[in-house]
Amino acid sequence: MSWLVDPFSTNEFLRQALLASVLVALLCAITGTYVVLRGLSFVGDALAHGVVPGIAAALLIGVSGIFGAAVSAAVMMTGISLITRKSRLSSDTAIGLLFVGMLALGVIITSRSRTFVGDITRILFGELLGVKPSDLWWQFVALVVVGVVAIVAHRPFVLMSIDDGLARTSGFSVPIFHSLMLVLVGITVIASFQSVGTLLVLGMLIAPAASGALIARRVSTMMLVAAAYGVLASYTGLLASYHFNFAAGGSIVFVAVVLFAITALVRSVVVRRAADEIPHQHEHRH
Amino acid sequence: MTKHRTAALAITFALGTLGLSCSSNDSGTTDAATDAANETTAAPTTTAAPAVDLPDVVVTYSVLASVVSELVAGVADVVTIIPDGQDPHEFEPSAKDLETINNAVFVVANGLEFEEGLETPLERLHDDGGPVFFVGEHITVREMSEADDHGHGDETSQKEDDHAHDHGGVDPHLWLSPGTMLEMLPALTAELATALNTNLDAALADVTAELTALDKEIAALFAKLDKCELVTGHDELGYFADRYGCETIGAVIPSSTTTSEASAGELAELKAVIAEHGATVVFTSLGTPQDVAAQVAKETGVELVELSTHVMGGAGSYAEFVRTFATQIADALA
């Protein structure tokens, strides 16, 4: 069994990569469940890629990428709500516009700078194998913040994930809590991209939470399932990166999506069998 | 409806005039504009003499441009496409860059899949009979083979087979050895002389003498070392190592390009190689993932030395460029 443990015990970079991806997995389990239940995947995707110009510009002028990402995310969220409110366009059109606009700006910034150190692929895919302790701290702080918000706003978030009207009749302001949810997505993306890249954030945001939504009924159970799936994907992905020389970030996301596919398959078989059994029992009684 | 028709008419008209103005733009004015725009991106060695309108020789990257400008000094202007400071492996051209390439009297490129973003336009120009010189076609090409593999036997041998394909293909980093540059110089000069319709024999003799002296100087520098084993950012010092009795034993990104990503397995392997060979230095360069290199340094205790291998890095000439990084290597290994 040494091949399961030894890579981690002998390599500090792998332990740090595992710790970083586990933190991202936990962060994404909370945020991702809301994203999946409320159908915010496109906003998540847009935010994950829309932070690229901010990161690029920040690195160019020599400030922390996290600062640039935060500015980008704020610009995007304001832009999306402005376009949606001031025009008759649907929100996915607004999201799409800002998404491509920001990403294009990011490509322009990275392509024309003469001394660009962090190229665009590294922003998109991260440097999971070179995670720094400061990145881990950021992720830990983000996890605490997101966790606290999720506990405090649990009731409105759960009601909103069923139906906006339900939340409204219970006296919660849907626009405010919707914005708060988007802020959580923003925090998750910003805290995670530095180490794992924006692609991995998106994968971890959606795949484990989707698996959780398939199996569990209660929102808190979904989050637990998503966390477990995310951690399993992190470990398995890193192990594959070690033994088969795959790129680390890509392996983790791929495992997370494969886990979802397996879950969906198993579930459909189980459901069909259960459906087959009901009329069977029915017949028996007669 | 009428509104739409008017709009369509307006667009057609606009496109028409655009087409006219493009075709009426004669090469004289575009050249001047291109020259002005490229002054900022030109190699440091380019002596800007815009008073006389010399023909443009386009060179893809700055290090190669420094050699070409010595050859054509006074006969042609050298325009560099990839700005000195950007990673040539990753460079994506703008529309202006492509125009510059297509309008050039002569284009000198590395080839061997080095300029990844320029590969398609250069090949198209070449296939159309355009004046493109690929340096890679005029040297003894170095294969990226198992010899580069970080051969430490034991149980990892199977793993090495698994990713042997990563190491297949050819090594594009030919400019890092003056010996390789000497090899292609006669062919380049001959084609340049034909394209520019001039005689470059004197320049060829000068540059050849300079590079030969440089080659001897570097060889003498490395003859003093007992052992020269190189761990680099990506597999970039192969031609250099072959020429001066060194051996490349490992790389942070074990690939001929910086656009690849390191895997956990390859990093673990690198650590093993460093320990086994007792390496004390990792030579990083532009495009090396800094955080990953720092982590390797932390875990193995090696020192990181940043070399300028893909850009001039402030050097005024090719000789200075080679001397700078070669001295850094020799000092670090002494």
### Query
Are any residues in region A:203-259 outside any helix (DSSP H, G or I), in contact with a Ser or Thr (Cβ under 6 Å, 6 or more places away or on another chain) and more than 14 Å from chain B (Cβ to nearest Cβ), and if so, which ones?
none
### Task
Take region B:71-95 and flag every residue that is in contact (Cβ under 8 Å) with a residue 12 or more places away in the chain and over 28 Å from residue B:198 (Cα atoms).
B:83, B:84, B:85, B:86, B:87, B:88, B:89, B:90, B:91, B:92, B:93
### Query
Quick one: is residue B:322 surrounded by 17 or more Cβ atoms within 10 Å (Cβ to Cβ), in contact (Cβ under 8 Å) with a residue 60 or more places away in the chain, β-branched (Val, Ile, Thr) and more than 19 Å from residue B:87 (Cα to Cα)?
no
#### Entry: Checking residue B:82 against (1) at pLDDT below 90; (2) closer than 13 Å to residue A:111 by Cα, the condition it does not meet
(1)
### Message
Suppose we keep only residues that are free of Cβ contacts under 8 Å to residues at least 60 places away in the same chain, surrounded by fewer than 21 Cβ atoms within 10 Å (Cβ to Cβ) and not small (Gly, Ala, Ser) within region A:226-245. Which one would you say is farthest from residue A:161 (Cα to Cα)?
### Response
A:244
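Out of curiosity, is residue B:191 more than 20 Å from residue B:135 (Cα to Cα), in contact with a strand residue (DSSP E or B) (Cβ under 9 Å, 6 or more places away or on another chain) and part of a helix (DSSP H, G or I)?
no
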#### Entry: Within region B:285-300, tally of residues that are farther than 16 Å from residue A:127 by Cα and facing another protein chain (nearest Cβ under 7 Å)
1
### Message
Condition first: under 15 Å from the mean Cα position of the chain (by Cα) and more than 14 Å from chain A (Cβ to nearest Cβ). Now tell me which residues in region B:72-111 satisfy that.
### Response
B:79, B:107, B:108, B:109, B:110, B:111
### Query
Is region B:196-213 home to any residue that is touching a strand residue (DSSP E or B) at 6+ places or on another chain (Cβ under 8 Å) and outside any strand (DSSP E or B)?
yes
### Message
Just checking: which of the helices (runs of 4 or more DSSP H) contained wholly in region B:52-144 hold 2 or more residues that are polar (S, T, N, Q), surrounded by fewer than 24 Cβ atoms within 10 Å (Cβ to Cβ) and assigned by TED's automatic domain parsing to the domain that holds residue B:192?
### Response
B:95-103
### Task
Determine which single condition residue A:84 fails, assuming it passes every other condition in (1) polar (S, T, N, Q); (2) within 14 Å of chain B (Cβ to nearest Cβ); (3) surrounded by fewer than 24 Cβ atoms within 10 Å (Cβ to Cβ).
(2)
### Query
When the residues of region A:1-23 are filtered to those that are under 25 Å from the mean Cα position of the chain (by Cα) and of a type in the set (S, T, N, Q), which remaining residue is nearest to the other protein chains (Cβ to nearest Cβ)?
A:16
### Query
Based on what the data block shows, is residue B:276 more than 14 Å from chain A (Cβ to nearest Cβ), surrounded by fewer than 24 Cβ atoms within 10 Å (Cβ to Cβ), charged (D, E, K, R) and closer than 24 Å to residue A:15 by Cβ?
yes
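Criterion first (within 14 Å of chain B (Cβ to nearest Cβ) and closer than 30 Å to residue B:306 by Cα) does residue A:54 satisfy it?
Criteria not met by residue A:54.
Return a yes/no flag: does region A:23-42 have any residue that is in contact (Cβ under 8 Å) with a residue 40 or more places away in the chain, within 30 Å of residue B:312 (Cβ to Cβ), in contact with a Phe, Trp or Tyr (Cβ under 9 Å, 6 or more places away or on another chain) and crowded, with 19+ Cβ neighbours inside 10 Å. Write out each step before concluding.
So the first thing to find is which residues in region A:23-42 are in contact (Cβ under 8 Å) with a residue 40 or more places away in the chain, and the list is A:23-38, A:40-42.
Add one more test, that the residue is within 30 Å of residue B:312 (Cβ to Cβ), and what stays is none.
Within region A:23-42 (the criterion being in contact (Cβ under 8 Å) with a residue 40 or more places away in the chain, within 30 Å of residue B:312 (Cβ to Cβ), in contact with a Phe, Trp or Tyr (Cβ under 9 Å, 6 or more places away or on another chain) and crowded, with 19+ Cβ neighbours inside 10 Å), the answer is no, since none of the residues qualifies.
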## Note on the structure
Exactly one of B:258, B:309, B:232 is part of a strand (DSSP E or B), hydroxyl-bearing (Ser, Thr, Tyr) and either under 28 Å from residue B:92 (Cβ atoms) or touching a residue at least 60 places away in the same chain (Cβ under 8 Å) (or both), and that residue is B:232
### Message
Give me the helices (runs of 4 or more DSSP H) completely within region A:28-103, filtered to those with at least 3 residues that are more than 24 Å from residue A:207 (Cα to Cα) and of a type outside the set (D, E, K, R), ordered by residue number.
### Response
A:52-61, A:65-86
### Message
Consider region B:225-250. How many of its residues are charged (D, E, K, R) and within 25 Å of residue B:317 (Cα to Cα)?
### Response
4
### Query
On the given criteria, is residue A:166 assigned to a helix (DSSP H, G or I) and crowded, with 17+ Cβ neighbours inside 10 Å?
no
### Message
Condition first: assigned to a helix (DSSP H, G or I) and surrounded by 12 or more Cβ atoms within 10 Å (Cβ to Cβ). Now tell me which residues in region A:150-163 satisfy that.
### Response
A:150, A:154, A:155, A:156, A:157, A:158, A:159, A:160, A:161, A:162
### Query
Which one of the conditions (1) in contact (Cβ under 8 Å) with a residue 12 or more places away in the chain; (2) under 25 Å from residue B:58 (Cβ atoms) does residue B:199 fail to meet, given that it meets all the rest?
(1)
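The values are calculated or read from the model by the stated rules, or taken from the named source; none is laboratory data. Small disclaimer: the values here were computed from a predicted structure and weren't measured. Reconstructed Cβ throughout: ideal geometry from the backbone, glycine too, with neighbour counts over all protein chains shown.
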